[in-house]
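Below is one structure, written out as C-alpha cells; the observations come after it.
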Amino acid sequence: MNPAFATQSLSGWGRYPVELCHVFRPEKRCEVAAALESRLQPSYIPRGLGRSYGDAALNENAGVIWPIRLNRFLSFDRATGELDCESGVSLAEIIQYFLPRGWFLPVTPGTKYVTVGGAIAADIHGKNHHRDGTFSNFVRDFRLLAPTGEVLTCSPTVHPEIFWATVGGMGLTGVVLSARLRLRRVDSSYVFVDYYRAPNLEEALATMEASDERYEYSVAWIDALAGGKIMGRSVLMRGNHAAAAELPEGAGDALAALTDPRWNLFLDLPSGTLNRLTVKAFNAAYYAVHRTALRRLVSFEKFFYPLDAINQWNRMYGKRGFTQYQIALPQASSHEGLRTILDRFARSGRASFLAVLKRFGDAGNGLLSFPLRGYTLALDIPAGRGFVPFLHELDRMTLDYGGRIYLAKDAVLRAEDFAAMYPRLVSFRAVQRKLDPRRLLSSSLARRLRIVD
Ligand SMILES: Cc1cc2nc3c(=O)[nH]c(=O)nc-3n(C[C@H](O)[C@H](O)[C@H](O)COP(=O)(O)OP(=O)(O)OC[C@H]3O[C@@H](n4cnc5c(N)ncnc54)[C@H](O)[C@@H]3O)c2cc1C
C-alpha cells in the first residue's frame with residue numbers, strides 16, 4: 001500500500017518560515033523505506049519534534065517523513081548504561097523512565113523535547129560541551145536507512161565516513177531508525193549551582209576561562225542590550241550534579257522524575273510585545289535578582305530546561321515568529337568577535353529576549369558539526385522588517401572572525417557564507433553523493449544553502 005502523505009503547514013520552533021509540506025507518519029520501521037521508495041514526492045526529509053528553529057526539518061512542496069511514532073526502547077544494559085532505542089524516542093521520554101533509576105543524558109540541549117534522531121542529526125551540544133563534547137561522543141552506533149534502501153549500522157569504526165556525515169548532517173544522509181546511546185549515572189536529580197554576576201564581557205570571559213573546568217556544566221545569561229562599560233554584563237550559572245548524600249533533609253525524592261509544563265501560552269502575543277523597552281526592563285530585573293551565590297541546590301528541570309515550563313513559549317514572538325541566531329567563534333578571535341557583534345547588536349535597535357553565552361571545548365569529527373573550540377553566543381531575534389539583511393551583516397562579521405552559524409537554528413544564511421564557514425562541506429558532499437545517487441533527500445535548508453550538490 002502506498003504511504004499516505006498529508007499536506008500540512010509546517011514550521012520549526014521559530015515559526016519562521018512556514019511552508020506547505022507533504023507529511024507521512026510511519027508506524028513501523030519498514031514503512032519508512034516504503035515512503036522513500038514510493039516516488040510520490042520529489043524528495044524527502046526526516047523530522048523529529050520540530051525543535052530546530054528554521055527550515056532544517058521542512059521540505060517545501062515535498063515530502064517530510066515524521067517517524068515520531070517509532071519511539072520504543074529496545075534494550076538497556078544496567079551494567080553499562082547502554083540504551084538501544086528507536087530514533088523517535090524523545091529525550092523527555094528517556095529522562096522520564098531512566099532518571100528515577102539513576103541514569104541521565106550524557107549531553108542535553110536546553111529543551112528535553114527533541115528526539116534521538118534530531119539529536120544525532122544536529123550533533124547537539126549541552127552546557128557540558130567544554131568537558132564532554134557533543135551528543136555523538138555518546139552514540140555507540142546507529143542504524144541508518146540510506147536512500148539506496150539499505151539499512152547500515154554505522155559507528156566511529158564501522159562505516160566511519162557515514163557515521164561522521166550523519167552526525168550533524170541534518171537528515172541528509174538517510175533516516176536514523178534506532179541508536180545505541182551511553183547514558184550516565186547520577187545519584188540525584190539536583191545540581192549544585194554557583195551563580196556569578198559579571199559586570200561586563202571581559203570579566204565574564206575571564207571568569208569562565210579561569211574556572212569553567214571545575215564545573216561539569218557552565219552557561220551564562222547575557223544582557224545583549226547593554227552597551228558601553230557594561231556591555232556583555234552576564235550571570236554565570238555553573239554547576240555539578242549533587243550526590244544523594246549531599247542533599248539537605250526535606251529536599252524530597254533524590255531521583256525525582258519529570259513534571260509536566262506548568263503553563264501554556266494559548267495565544268500568539270502581538271508581534272511587538274518583546275521590544276527594546278520590555279526586554280531592557282526584563283534584563284535589568286534579571287541582572288538585579290541574580291546575585292553572586294554559591295552552591296544553590298537546583299532541580300535538574302530548572303537548571304537544564306527552564307523554558308520547558310511554558311508550553312509553546314515560542315508564541316511570545318507573535319505570528320511573525322523569530323530566529324535564534326547562534327554562532328561559534330574560535331578561541332583566538334572570540335573576545336574581539338564577541339565584543340564587535342554584541343556592540344553591533346546593542347546599537348541595532350533590536351531586542352533579544354534570550355541571549356546565552358557559553359564556552360565550547362574541542363571540535364568533534366562530524367563533517368557538519370557546529371562546535372569549535374572557543375565560544376558560542378545565541379540571540380533570539382524577532383522576525384520583522386529588515387531582519388534578514390541585518391542577520392546577513394552579522395553573518396559577514398562572524399565569518400571575518402573565523403566563526404560559523406548553527407544549522408539547527410538557522411533560517412536565513414546564504415549558501416556562499418555557509419560554504420566558507422564549513423570547510424568540511426566538500427567531504428560531506430562526497431559521502432552524501434554516494435549514499436543518495438537518486439537524490440531522494442532534500443530539505444528547504446539544504447536547497448537554500450546548497451548543502452547537497
Ligand atoms: C528551547 C530550545 C533549546 C535548544 N537548546 C539547544 C542546545 O542547548 N544545544 C543544541 O545543540 N541544540 C539546542 N536546540 C536545538 C535542538 O536541540 C535541535 O534542533 C534538535 O535537532 C531538535 O531535534 P528534533 O527532534 O526536534 O528534530 P527536528 O527539529 O524535527 O529536526 C532537526 C534535524 O534533524 C533531522 N532529523 C530528525 N529526525 C531524524 C531521523 N530520525 N533521522 C535523520 N535525521 C533526522 C531533520 O531532518 C532535521 O535536519 C534547542 C532548541 C530549542 C527549541
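The values are calculated or read from the model by the stated rules, or taken from the named source; none is laboratory data. Remember, it's a predicted structure, so these values are computed and weren't measured experimentally. Cβ placement follows ideal geometry from the backbone for every residue including glycine, while neighbour counts extend to all protein chains displayed. For the accessible areas, the whole protein counts, side chains as well, though only heavy atoms, and no ligand, DNA or RNA atoms are used. Shrake-Rupley method; radii C 1.70, N 1.55, O 1.52, S 1.80 Å.
Computing Rg and the Kirkwood Rh from the Cα coordinates of the range 129-223 gives a ratio, Rg/Rh, of 1.14.
Which whole-number percent of Cα pairs in the range 54-150 have a distance greater than 23 Å?
28 percent
Between V388 and R296, the simple label model (points 7 Å from Cα in the Cβ direction) yields a spacing of 4.1 nm. Of the three principal axes defined by the Cα atoms of the chain, the extents in descending order read 62, 53, 43 Å. Sorted largest first by accessible area at a 1.4 angstrom probe radius, with every protein chain in place, the residues T80, T173 fall in the order T80, T173. With the whole protein complex present, D253 retains an accessible surface near 100 Å², based on a 1.4 Å probe. A Cα-only calculation for the range 196-290 places Rg and Dmax at 17.8, 48 Å. Compute log10 of I(q)/I(0) for the range 407-453 with the Debye formula, placing one identical point scatterer on every Cα and leaving out solvent, at q = 0.20, 0.28, 0.29 Å⁻¹, to two decimals. Debye curve over Cα of the range 407-453, log10 I(q)/I(0) at q = 0.20, 0.28, 0.29 Å⁻¹: -0.66, -1.14, -1.18.
Looking at the range 337-376, the accessible area is 30 square angstrom per residue; that uses a 1.4 Å probe and ignores ligands, DNA and RNA. Surface calculation, 1.4 Å probe, protein heavy atoms: H125 sits at approximately 20 Å² accessible. First compute the accessible area of the range 123-207 with a 1.4 Å probe, then give the percent of it belonging to carbon and sulfur atoms. Answer for the range 123-207: carbon and sulfur cover 49 percent of the accessible area.
Sorted on the mean count of surrounding Cβ atoms within 10 Å across their residues, most packed first, peptides 141-148, 269-276, 21-28 read 141-148, 21-28, 269-276.
Provide the per residue accessible area, probe 1.4 Å, for the range 1-65, rounded to a whole number of square angstrom.
Using a 1.4 Å probe on heavy atoms only, each residue of the range 1-65 averages 43 Å².
For the range 184-235, report the convex hull volume of the alpha-carbon atoms normalised per residue, in Å³, without decimals.
84 Å³
Could you please state, rounded to a whole Å, how far the C-alpha centre of the range 366-409 is from the C-alpha centre of the range 424-442? That distance is 24 Å.
Comparing L377, L265, A122 along the charge dipole axis of the chain, the residue lying farthest to the positive side is L265, per the Cβ-charge model.
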